[in-house]
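Trainee: The structure's right below; bear with me while I get my questions together.
Just so it is clear, none of the values below were taken in a lab; they were calculated from the coordinates. Note that the coordinates shown come from a computational prediction; the quantities given were computed from them, not determined experimentally. Using ideal geometry, Cβ is built from the backbone for each residue, glycine included, and neighbour counts are taken over all protein chains shown.
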Amino acid sequence: MKLVRFTLGEGARLGIIHENGVIDLTRASDGHLPADMLTFLQQGEAALELARQFEHSTPPDLALSEVKLLAPIANPSKVVAIGLNYMDHCREQKVEPPKAPLIFSKFSTAIIGPGEAIRWDPALTSQVDFEAELAVVMGRTARNVTEAEALDYVAGYTICHDVSARDLQFSDGQWIRGKSLDTFCPLGPYLVTTDEVPDPHALAIRCTVNETVLQNSNTSEMIFRIPYLIAYITRAFTLLPGDVITTGTPDGVGVFRKPKIFLKDGDVVTIEIEGLGQLTNPCQEER
Ligand code: ZN
């Protein structure tokens, strides 16, 4: 199932992408399903099952072109991010793969949806970089989960653009400021449920800036795989329904290129992951 949050102009609604249209779950369920994805995920398997019934019994009531898609989840309790998690990304930096996952965070206030502008003040940062990432969205509360059961706690997958202000990231003692500027966490376009993604470690992943493909890899390059990450993380802290884990980026980012490439006003970035669609955001400098 491809779950979406969307708007027709006022307020967010919950929907399913089906046959190139959108089933408005808020309307189809007569208010029995919440309009908010976080509340929907908190309701667990019963809500998912109800949504599945509508997917098979209700024709789409809206064309995709009629709706504005929003970030599939806008208000998770946290976005957990993993650094240096692709073999090819370690090779391009000539660093050894880490012995343990490198964990940082992006604040949820950085989340934006498909089509929304990535904005920054050029007086604050002049090194805005792109990072294509596969993001995991949790479906159940997870604490001390084993690797073997980890994927049972996942609701689905989406695309995360881990936009990074490299000058802030590398001049600070840690990464959170450079990773959490407002608008620096585009998510979407869909939350694709796990049944549609039988192997999250075999997906083509690509980042295109304007017309140029700058990252082109596969999630098979991941060093620490999703079950390991969930087990590792939940030994330390609880993951709640709706929490996002963004799993690291492959090689090709701008800062390690010669010459370096940074995003500039008017650029358009598209991230594509096999089976998860495309996430496109324009860039806008703001003075
Ligand atoms: Zn990243």
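Trainee: Which of the residues belonging to the range 254-279 are assigned to a strand (DSSP E or B) and of a type outside the set (D, E, K, R)?
Mentor: Selection gives V268, V269, T270, I271, I273, G277, Q278, L279.
Trainee: If I ask for residues that are touching a residue at least 40 places away in the same chain (Cβ under 8 Å), farther than 30 Å from I23 by Cα and surrounded by fewer than 23 Cβ atoms within 10 Å (Cβ to Cβ), which ones from the range 160-194 would you list?
Mentor: R166, D167, L168, Q174, W175, I176, S180, D182
Trainee: Name the one entry in L191, L187 that is away from the ligand (no atom under 14 Å from the Cβ) and not acidic (D, E).
Mentor: The unique qualifying residue is L191.
Trainee: Of all residues in the range 126-138, count the ones that are in a loop (DSSP other than H, G, I, E, B) and either within 16 Å of the ligand (Cβ to nearest atom) or crowded, with 24+ Cβ neighbours inside 10 Å (or both).
Mentor: Residues flagged as in a loop (DSSP other than H, G, I, E, B) and either within 16 Å of the ligand (Cβ to nearest atom) or crowded, with 24+ Cβ neighbours inside 10 Å (or both) within the range 126-138 amount to 3.
Trainee: Shifting gears a bit: Go through P98, P122 for me and flag whichever is of a type outside the set (A, V, I, L, M, F, W, C), outside any strand (DSSP E or B) and within 16 Å of the ligand (Cβ to nearest atom).
Mentor: Criteria check complete, one pass: P98.
Trainee: Just give me the residues in the range 31-86 being small (G, A, S), touching a residue at least 12 places away in the same chain (Cβ under 8 Å) and assigned to a helix (DSSP H, G or I), in sequence order.
Mentor: Within the range 31-86, G44, A47, A51 qualify.
Trainee: Just give me the residues in the range 10-36 being small (G, A, S), more than 14 Å from R52 (Cβ to Cβ) and in contact with a strand residue (DSSP E or B) (Cβ under 9 Å, 6 or more places away or on another chain), in sequence order.
Mentor: A12, G21, A35
Trainee: If a residue has to be within 15 Å of the ligand (Cβ to nearest atom) and among the aliphatic types (A, V, I, L, M) to count, how many in the range 203-224 make the cut?
Mentor: 4
Trainee: Those residues that are within 13 Å of the ligand (Cβ to nearest atom) and of a type in the set (A, V, I, L, M, F, W, C), I need them from the range 230-247; list them, please.
Mentor: V244, I245
Trainee: Is the range 154-165 home to any residue that is within 16 Å of the ligand (Cβ to nearest atom) and more than 27 Å from V67 (Cα to Cα)?
Mentor: Looking for residues that are within 16 Å of the ligand (Cβ to nearest atom) and more than 27 Å from V67 (Cα to Cα), one finds at least one in the range 154-165, hence yes.
Trainee: Could I ask something else about it? What is the number of the single condition among (1) closer than 21 Å to P114 by Cα; (2) more than 16 Å from the ligand (Cβ to nearest atom); (3) of a type in the set (D, E, K, R) that K179 does not meet?
Mentor: Going through the list (1) closer than 21 Å to P114 by Cα; (2) more than 16 Å from the ligand (Cβ to nearest atom); (3) of a type in the set (D, E, K, R), K179 breaks only (2).
Trainee: Just one of P227, P200, P250 is buried (at least 21 other Cβ atoms within 10 Å of the Cβ), under 18 Å from the mean Cα position of the chain (by Cα) and away from the ligand (no atom under 16 Å from the Cβ); which is it?
Mentor: P200
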